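Worksheet: one structure, shown below.
The values are calculated or read from the model by the stated rules, or taken from the named source; none is laboratory data. Since we're looking at a predicted model, the values are computed, not measured. Heads up, the Cβs are rebuilt from the backbone with ideal geometry, glycines too, and the neighbour counts pull from every protein chain shown. Note: areas computed on protein heavy atoms with side chains; ligands, DNA, RNA excluded. Shrake-Rupley method; radii C 1.70, N 1.55, O 1.52, S 1.80 Å.
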Amino acid sequence: MKIAFLIGEFPSISETFILSQITALIDCGHQVDIYAKRPSKAVKKHKDIDKYDLEKSLFYYPNIPKNIFSRSLGVLSLIFRGSQTRLKPLFNALNIYKHGELAASMRLFYRAIPFVKIDQHYDMVHCHHGHVGSIGVKLKEIGAVTGKIVTTFHGYDINVIPGLRGKAVYDDLFQKADVITANSNFTIGKLLELKCPEEKIVRLPVGLDLSLYTFQERVAPQNDTPIKLLTVARLVEKKGIEYSIKAVAQLIKKHPNIEYNIVGDGPLLNQLQQLVVELNLQDSVHLLGWKTKEEVQKYYEKAHIFVLASVTASNNDREGQGLVLQEAQAMGLPVLATLHNGFPDSVIQGKSAFLVPEKDIDALVEKLIYLVENPEQWAEMGNIGRRYVEENFDIHDLNQQLLDIYRKCE
């Protein structure tokens with residue numbers, strides 16, 4: 001099967017699950033091409049890029065000139081030099097009557113270029129994020145791409161974009177896409193609110209390759225070794241890291257032998273560093289920046305408790321599934337998180353994890369104290385969490401489900 005993945009950034013440092021999905025499909029014997037808006041800004045390259053030689057099947061959309069005159073010259077230049085280009089889709093992309101602002105701005109034209117140059121035909125076009133799916137159905141409509149359209153919704157696309165662009169923003173996508181997948185029951189509910197046809201929706205969580213996550217039972221550290229808390233997240237508002245830092249500040253007053261490691265980078269780095277200084281936590285709280293997948297694994301291995309205090313951001317952005325919750329459980333970590341969107345689908349509340357209300361520092365502190373003072377609970381919570389991930393988030397099982405979705409579309 002020939003499959004095109006349409007995504008935003010590749011490889012995204014915050015969406016490594018897309019890379020995992022691509023490599024799993026390749027392992028199953030399918031050809032996957034990747035079309036992305038921009039390259040990752042990450043300094044370190046994920047090892048799977050070279051392992052699977054993905055750069056040979058990776059295509060970036062050309063930059064769209066900001067100046068309308070330069071943009072128009074680019075259009076004319078490509079048309080006049082288009083001896084090896086299918087021109088009909090490009091002319092179709094300029095039809096303002098049919099495609100409105102997408103045509104008038106020439107954005108649809110520029111998005112079509114990678115497809116008409118190489119004349120690819122696909123069985124499936126898998127779009128990650130709703131706004132990418134909206135472009136995907138247009139590319140098919142103008143004849144730039146072939147194949148069934150599968151669109152996966154995650155978080156920002158379903159929580160923020162409708163508020164910015166109106167509740168009808170995905171009407172065209174819902175009508176023309178063949179399948180809409182959602183990572184959680186919460187996301188499904190939001191899709192239904194936007195009038196997505198229920199019969200097109202399939203719940204498909206993001207999965208893990210469990211062979212890469214070695215389970216270990218957690219036990220209390222010996223002697224003066226600190227209890228290590230861990231968060232793996234982008235440093236953005238919806239991750240709620242300021243609340244977990246403030247909770248740790250309270251926890252340390254009762255249990256000073258705590259080390260809190262935060263792995264991730266993002267726009268709030270300086271603000272969070274300042275908070276650490278203000279709370280005099282420099283010796284206990286460490287903002288470690290972005291790490292490779294292999295480096296993150298080492299932090300999982302050394303941790304005792306995983307924390308993710310996600311919140312609804314001021315622009316209404318929210319988490320989707322919270323893949324790190326599955327990663328932590330797969331490694332045997334007890335989890336403390338918030339009652340946030342898809343999180344109740346991601347853990348077994350009260351058994352593999354505790355979930356507390358968003359922005360409730362007192363509740364975070366209460367559960368942190370409980371976990372620190374009851375290390376005999378760690379192993380049981382970890383075992384329950386590992387089994388839950390094995391039964392519900394195994395990448396091999398979920399990719400078979402994805403292939404079943406593809407086949408039903410054919």
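Overview of values
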| read-out | value |
| --- | --- |
| Residue tally, condition without any contact (Cβ under 8 Å) to a residue 40 or more places away in the chain, within 20 Å of Gln326 (Cα to Cα) and part of a helix (DSSP H, G or I), over region 187-210 | 1 |
| Residues that are under 23 Å from Arg407 (Cβ atoms) and either assigned to a helix (DSSP H, G or I) or open to solvent by 30 Å² or more (accessible area, probe 1.4 Å) (or both), drawn from region 160-186 | Leu173, Phe174, Gln175, Lys176, Asp178 |
| Unique residue being surrounded by fewer than 24 Cβ atoms within 10 Å (Cβ to Cβ), under 30 Å from Asp394 (Cα atoms) and over 23 Å from the mean Cα position of the chain (by Cα) when the list is Glu199, Glu141 | Glu199 |
| Candidate set: region 144-153, residues that are of a type outside the set (Val, Ile, Thr) and assigned to a loop (DSSP other than H, G, I, E, B); chosen: the one least open to solvent (accessible area, probe 1.4 Å) | Ala144 |
| Hits in region 49-73 (condition: within 30 Å of Ala104 (Cα to Cα), surrounded by 12 or more Cβ atoms within 10 Å (Cβ to Cβ) and among the aliphatic types (A, V, I, L, M)) | Leu58, Ile64, Leu73 |
| Of residues in region 337-359 being of a type in the set (S, T, N, Q) and either farther than 24 Å from Asp394 by Cβ or in a strand (DSSP E or B) (or both), the one most open to solvent (accessible area, probe 1.4 Å) | Gln349 |
| Count of region 219-256 residues which are closer than 22 Å to Ala363 by Cβ, of a type outside the set (Val, Ile, Thr) and either open to solvent by less than 20 Å² (accessible area, probe 1.4 Å) or touching a strand residue (DSSP E or B) at 6+ places or on another chain (Cβ under 6 Å) (or both) | 9 |
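Condition check ((1) within 21 Å of the chain's Cα centre (by Cα); (2) at pLDDT 95 or above) across all residues:
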site	(1), (2)
Val356	no, yes
Ile361	no, yes
Val365	no, yes
Met381	no, yes
Glu390	yes, yes
Asp394	yes, no
Asp397	yes, no
Leu402	yes, no
